[in-house]
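Structure, as structure tokens:
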Amino acid sequence: MPAIADQARAAGYTVFDAAVVMATHFERIIRDHIETLFGRAELDAVLAYLNKLIPKLVDELTPKLLPLTTVHSVLNSLLAEQVPIRDLRTIVGALIDGAATTQEPRALHEMVRLKLGGYIVQTVFGAVDELQVVALEPDLERLLQEVLRLSSGTGAFGIEPGLAGELRAVGANAATRLEAGAGVAALVTRPELRELA
């Protein structure tokens, strides 16, 4: 009697080894929850590794310019967005540059994202010759920024339901059109509005 796997293959099914399924599932769980797994001990290990390579960079960053909690917060927010933190030299350099103007983790996070821009695009879209983008009309972008500013601290972002529905429909239509034509598309907006997209 043939094995069940052989019967499944004969019937046209793809058969995976149990170890491969477990490893793939484990990798997905890690990727989806990496920011909760990246704690203080992991931060210390990352900084110790970088300290072996470029000691002056780590000495300049913490605790002189930024507390470890701020560095941890920025790295966690990058991981939550599935932005790899492999390029530590660029990340720490951006944190050092940004610390001169702010100590606020969200602002520092955006500064690091700007420095990693090309790397992020390549990670998300791969090696593409051309990237199609959609941008908001300047008046709409200003309106959304004003609504965001007025609703800061309330925990709610509220716009008129008709406008919200229209934005959703126009955005979905533009994304479908761009993806059909180019296969790859992105929305470009101001950093404070990016989280709303």
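Residues that are open to solvent by 80 Å² or more (accessible area, probe 1.4 Å) and of a type in the set (A, V, I, L, M, F, W, C) were ranked within the range 22-57; the one that is nearest to Asn76 (Cα to Cα) is Leu37. Between Leu144, Leu178, the distinction of being over 24 Å from Gln82 (Cβ atoms) and open to solvent by less than 40 Å² (accessible area, probe 1.4 Å) belongs to Leu144 only.
In this structure, does Val83 turn out to be among the β-branched types (Val, Ile, Thr) and either open to solvent by 30 Å² or more (accessible area, probe 1.4 Å) or outside any loop (DSSP other than H, G, I, E, B) (or both)? So Val83 fails the test.
Scanning the range 60-80 for residues that are more than 21 Å from Thr36 (Cβ to Cβ) and either open to solvent by 80 Å² or more (accessible area, probe 1.4 Å) or among the basic types (Lys, Arg) (or both) yields Glu60, Pro63, Lys64.
Taking (1) assigned to a helix (DSSP H, G or I); (2) over 20 Å from Val188 (Cβ atoms); (3) open to solvent by 70 Å² or more (accessible area, probe 1.4 Å) in turn, Thr154 satisfies each apart from (1).
So which residues in the range 103-124 are open to solvent by less than 30 Å² (accessible area, probe 1.4 Å) and assigned to a loop (DSSP other than H, G, I, E, B), if there are any at all? Working first, answer last.
Keep residues of the range 103-124 that are open to solvent by less than 30 Å² (accessible area, probe 1.4 Å), which gives 108-109, 112, 116-117, 120.
Selection gives Leu116 alone.
For the range 27-50, check the following and say yes or no: at least one residue is outside any loop (DSSP other than H, G, I, E, B) and in contact with a His (Cβ under 8 Å, 6 or more places away or on another chain). Scanning the range 27-50 turns up at least one residue that is outside any loop (DSSP other than H, G, I, E, B) and in contact with a His (Cβ under 8 Å, 6 or more places away or on another chain). Out of the residues in the range 110-157 meeting the condition of being within 30 Å of Arg89 (Cβ to Cβ) and among the polar types (S, T, N, Q), tell me which one is modelled with the highest pLDDT. Here the residue is Gln122. All told, Ile96 meets the bar of being of a type outside the set (Phe, Trp, Tyr), over 23 Å from Arg177 (Cα atoms) and either assigned to a loop (DSSP other than H, G, I, E, B) or over 17 Å from the mean Cα position of the chain (by Cα) (or both). Of all residue pairs spaced 6 or more apart or on separate chains, none has beta-carbon atoms under 8 Å together with a first member in the range 122-133 that is within 14 Å of Val188 (Cα to Cα) and in contact (Cβ under 8 Å) with a residue 12 or more places away in the chain and a second member that is open to solvent by 80 Å² or more (accessible area, probe 1.4 Å) and in a loop (DSSP other than H, G, I, E, B).
The values are calculated or read from the model by the stated rules, or taken from the named source; none is laboratory data. The structure presented is a predicted model; accordingly, all values stated were derived computationally and were not measured. Ideal geometry is used to build each Cβ from the backbone, glycine not excepted, and the neighbour counts take in all protein chains shown. Please note that ligands, DNA and RNA were not included when accessible areas were found on the heavy atoms of the full protein model with its side chains. Shrake-Rupley method; radii C 1.70, N 1.55, O 1.52, S 1.80 Å.
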